[in-house]
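Report on one structure; see the data block that follows.
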Amino acid sequence: MEINKFYHGDSREILKTFPNNCIDTCVTSPPYFNCRDYQTAEWEGGDPSCNHKPLFKPSKTAWVGYEKKDVNKLFYRDICKKCGAVRKDNQIGIEKTPQEYIQNLVEVFRGVYRVLKDEGSLWIVIDDKHATVNYEREKIKRKDLIGIPFMLAFALRDDGWWWRETIIWHKPQGMPESVEDRCTINHEYVLHLTKNEKYFFDYKAIAEKSIWAERDKRFINGPTISEKAMKGPYSIKKSGAYSKDGLKNKRSVWSVNYEFSKYEHYAAYPSMLIKPMIEATCQENGIVLDPFMGSGTTAIVARSLNRNFIGIDLSKDYVKISEKRIRERLGLFI
């Protein structure tokens, strides 16, 4: 196993080559269910000149810039109906049912569990999705909100993980939607899971400024007589509002805007979203793993915080993008 390196291949296979208990924390975002085709397929037979994509008619209601991205939602999963080629692909996210998708992710994170240190953490950025068809075996109807983040959390907990928390990633500049029978969604989920009941977590590294301490200096000097008289679970002291150093524990709703990049990777998460995850659960010179590295944001943030990284991706194109980005941003030679 080499650190500060991007590996190309299926993370389920590459993780098997790593030793036990070698990773401090894992920060990742797997491909979302039935959202995009990352063009990792190999095709057998058929017409070599065929693009193996259905004909696509852009929607008249699609907003500018979305039509190009939305094309990747349409692809042949098994056999190309235009030329008869057979698809060979280990890509996660193109499964036929949500349950198959969850099972594949559990398999990946089972490998992460083995290589993670006993005091390590796992952070998963993942989105939910509304069903576009009926999944009868799973009792999910068309237009139902599937509940993918929670399906995954339950499945990982059953597989031995501790499900410690669910962070809400609030996106102030969320993407618009053309729906008229529900609200536009501008949040995603971050699952925090651990390998054991006790684990490394530096809460001071990500503590926030206390609004109470900023607005009222009495909290810095200590509570008043009336505040001292407060008892029970909602007292000032127990609630965390009072802090001598003007800090409070980081809350579970994180407002972070997108970061736009010149590289084509539509699902890249912002560096400020994952920065506190690494700061809180990986000490300096530790190792951060991302089994779905994508465009390399996890690696860039890890190195900028004086941590090491290991990145894995099934796409050769994204491995090249990751290597180029980290050279440009940090001057590292990969």
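The values are calculated or read from the model by the stated rules, or taken from the named source; none is laboratory data. The model shown is predicted, which means the values in this text are computed figures rather than measured ones. Note: ideal-geometry Cβ built from the backbone for every residue, glycine included; neighbour counts use all protein chains shown. Heads up: the accessible areas ignore ligands, DNA and RNA and are worked out on the full protein's heavy atoms, side chains in. Shrake-Rupley method; radii C 1.70, N 1.55, O 1.52, S 1.80 Å.
Tabulated results
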{"read-out": "Table column - 3J(HN,Hα) (Hz), the stretch 150-167, Karplus curve with 6.51, -1.76, 1.60, x for Gly and Pro", "value": "7, 4, 5, 4, 5, 5, 5, 5, 5, 8, x, 6, 8, 8, 8, 6, 10, 8"}
{"read-out": "Sequence ranges 85-93, 30-38, 120-128, ranked by mean other-Cβ count within 10 angstrom, highest first", "value": "120-128, 30-38, 85-93"}
{"read-out": "Accessible area, probe 1.4 Å, largest first, for residues HIS8, HIS130, HIS52", "value": "HIS8, HIS130, HIS52"}
{"read-out": "Relative contact order for the stretch 78-217, counting Cα pairs under 8 Å that sit 6 or more residues apart, in percent", "value": "25"}
{"read-out": "Amide proton proximity set for ASP144, modelled H, under 5 Å, gap of 5+", "value": "ALA131"}
{"read-out": "Per-residue ³J(HN,Hα) for the stretch 299-314, Karplus 6.51 cos²θ - 1.76 cosθ + 1.60, θ = phi - 60°, Hz, x for Gly and Pro", "value": "5, 5, 5, 4, 5, 5, 9, 6, 10, 9, 9, 9, x, 10, 8, 6"}
{"read-out": "Cα→Cβ-extended label distance, 7 Å offset, between LEU305 and THR97, nm", "value": "3.8"}
{"read-out": "Inter-site label distance for GLU44 and ILE79 at 7 Å from Cα along Cβ, in nm", "value": "1.4"}
